[in-house]
Amino acid sequence: MHKDQQLSDLMVLSYTYQKRGELSLAIRSWNALANHVPSDDELKANAHFNLGHLHQQQGSNDLANESMANAIAANPNSDEAYFCLA
C-alpha cells in the first residue's frame, strides 16, 4: 500500500475512534500516526495535538501537557498547541 494511503487511512481511523468516544482506541491510533516514520512534522503535530485533547478528557493532565509540548516541538508555529498548553 502506498505510504500516503496508509497515513490517510490511519488518520481517518483516528478521527473515527475519537468521534465515537472510543478514547483508548483513538489514543492508540493517534500514537501510531505520530510515530509513523514517513509522517511530516505537520502531521505529527496534529497527532500530538489530538493526543493532548484525548489525554485531557481522560484526566491525564501530565500526558496532555507532554503531548502538547510534543506538538509544539513538531510545529513551533502551532498557536493552538501553545494555547492549550497554557
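Structure data summary
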quantity: Candidate values [x] 16, 51, 29, 5; [y] 19, 58, 23, 0; [z] 21, 50, 27, 2, label of the one derived for P(r) over Cα pairs in 10 Å bins from 0, in percent; calculated: [z]
quantity: Taking only Cα atoms of segment 25-71, radius of gyration then Dmax in Å; calculated: 9.8, 31
quantity: The chain: relative contact order in percent, alpha carbon pairs under 8 Å with at least 6 residues between; calculated: 21
quantity: Whole-number accessible area per residue in Å² for segment 16-86, which is evaluated in the context of all protein chains at 1.4 Å; calculated: 58
quantity: Descending principal axes extents, segment 1-49, alpha-carbon based, whole Å; calculated: 27, 22, 13
quantity: Neighbourhood net charge (12 Å Cβ-Cβ; Lys/Arg +1, Asp/Glu -1) for His36; calculated: -1
quantity: Distance in nm between pseudo-label sites at Asp40 and Asn61 (7 Å out along the Cβ direction from Cα); calculated: 3.6
quantity: Accessible area of the chain belonging to carbon and sulfur atoms, whole % at 1.4 Å probe; calculated: 49
quantity: Lys, Arg +1 and Asp, Glu -1 on Cβ, resulting dipole of the chain about Cα centre, debye, nearest 20; calculated: 280
quantity: Distance (nanometres) between label positions extended 7 Å along Cα→Cβ at Ala32 and Lys3; calculated: 1.8
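The values are calculated or read from the model by the stated rules, or taken from the named source; none is laboratory data. Remember, predicted model here, so these are calculated numbers, not experimental data. In this analysis, Cβ positions are derived from the backbone assuming ideal geometry, glycine residues included, and neighbour counts consider all displayed protein chains. Note: accessible area is taken over every heavy atom of the protein model, side chains too, but ligands, DNA and RNA are not part of it. Shrake-Rupley method; radii C 1.70, N 1.55, O 1.52, S 1.80 Å.
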